[in-house]
Amino acid sequence: MRLNTKHLLTIRDLSPDEVRGLVARAAELKAGWPAGNRPRPLTDKVVALIFEKASTRTRVSFEVGVAQLGGRTIFMTNRDSQLGRSEPLKDTARVLSRYVDALVVRTFGQEVLTELTNYGSIPVVNALTDRYHPCQVLSDLLTVSEVKGRLEGLTYCWLGDGNNMAHSWLEAAAKLGLSLRLACPEGFQPDPGILAHARAQGAEVLLTDDPRQAIAGADVVNTDVWASMGQEDDADRRRRLFGGYTLDAKLLSLAAKDAMVLHCLPAHRGEEIAEEVLEGPQAQVWRQAENRLHMQKAILEALVG
Ligand code: CP
Ligand code: NVA
């Protein structure tokens, strides 16, 4: 499939049909690989990964995904490139556009990505910013569709920090008209603009500070770390303020009986999620992590292939 957007900076860049199309294509690529159906649309293409934050899943799934599609990757950080010595992004964007076919970028500010798209001439993919994590939520939609057989008509719950993941879930809810209930402590709620946009687009969004209200009867229960990358210094304070938000067996018992649990990982056992839930029968986190690979391939094929 082709997309109408050149870049994937946020789920907002996609149409509802494109979101569904990426989920369907990722499922197809997943089923096709073991059957020997292995398209190589990235043959002769090189993708640069620029990561200014740590990563296990996103980095490896993109690197393996590019390789499986027939291309090559170059991994860069600000420590080993001139980015760390203040070479301007706008210069980096113009130079890299002359060598490689796409940029996959993990960074702090969303404006870094905008700057790269303004000055570069190649597709830019958001591999996580402080504001959004679109590739993760797209692949989480694949995981939900595999487990539940559908995306619509379910109740989604978000517990904890109103962070980049919560924002991308709000955007997915806006695209697909999903019902999403978020429980976030006062002061850790999602960006009001993103929330208002999701509601205006037809998402049914409930925002509360009561985890029990948000999880009651939910089909898909999502949580994430309380202190994201870059917020390590605030972790102790957050641990105190997020008391009561731990997804443990007692809290999960309020969800639908067959509710599935998602966590994008890495998880902090005993903080946002209890060991018994992460290792329990309702957790789909390993499938979720695997699906990153299949979704990255669908995204790259559509933008770069
Ligand atoms: N879920 C996720 O993005 O994991 P990494 O930080 O390991 O890439
Ligand atoms: N919200 C987390 C997600 C990690 C994949 C972070 O930004 O650190």
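Bear in mind that the values in this text are calculations on the coordinates, not laboratory data. Bear in mind that the values here come from a model prediction, so they are computed numbers and not experimental data. Cβ placement follows ideal geometry from the backbone for every residue including glycine, while neighbour counts extend to all protein chains displayed.
Quick notes
- Charge dipole of region 189-283 (Cα centre as origin; +1 on each Lys and Arg Cβ, -1 on each Asp and Glu Cβ, all else neutral): 240 debye, rounded to the nearest 20.
- Among M1, M76, sorting on how many other beta-carbon atoms sit within 10 Å of each Cβ, with the fewest leading, yields M1, M76.
- Exposed GluC sites (Glu not before Pro) absent: longest stretch of the chain, with sites in DSSP loops and at most 16 other Cβ within 10 Å deemed exposed: 1-151
- Rounded to whole Hz, the Karplus (6.51, -1.76, 1.60) HN-Hα couplings of region 151-156, x for glycine and proline: 10, 7, x, 10, 9, 9
- Calculated FRET efficiency for the pair H268/Q213, C-beta based, R₀ 22 Å, to 0.05: 0.40
- Taking N as its residue count, the alpha carbon Rg of region 187-305 over 2.2 N^0.38 Å: 1.19
- Of the peptides 138-144, 153-159, 90-96, the ranking by mean beta-carbon count within 10 Å, highest at the top, reads 138-144, 153-159, 90-96.
- Remark: region 1-128 projects, on average over all directions, an area of 8.0 nm² (convex hull of Cα atoms).
- Relative frequency of Cα-Cα separations exceeding 18 Å in region 149-257, percent: 46 percent
- Dimensionless Rg/Rh of region 44-192 - Kirkwood Rh, Rg from C-alpha atoms: 1.02
- For region 9-156, the relative contact order comes to 24 percent (Cα pairs under 8 Å, sequence separation of at least 6).
- Expressed as a fraction of 2.2 N^0.38 Å, the C-alpha radius of gyration for the chain is 0.97.
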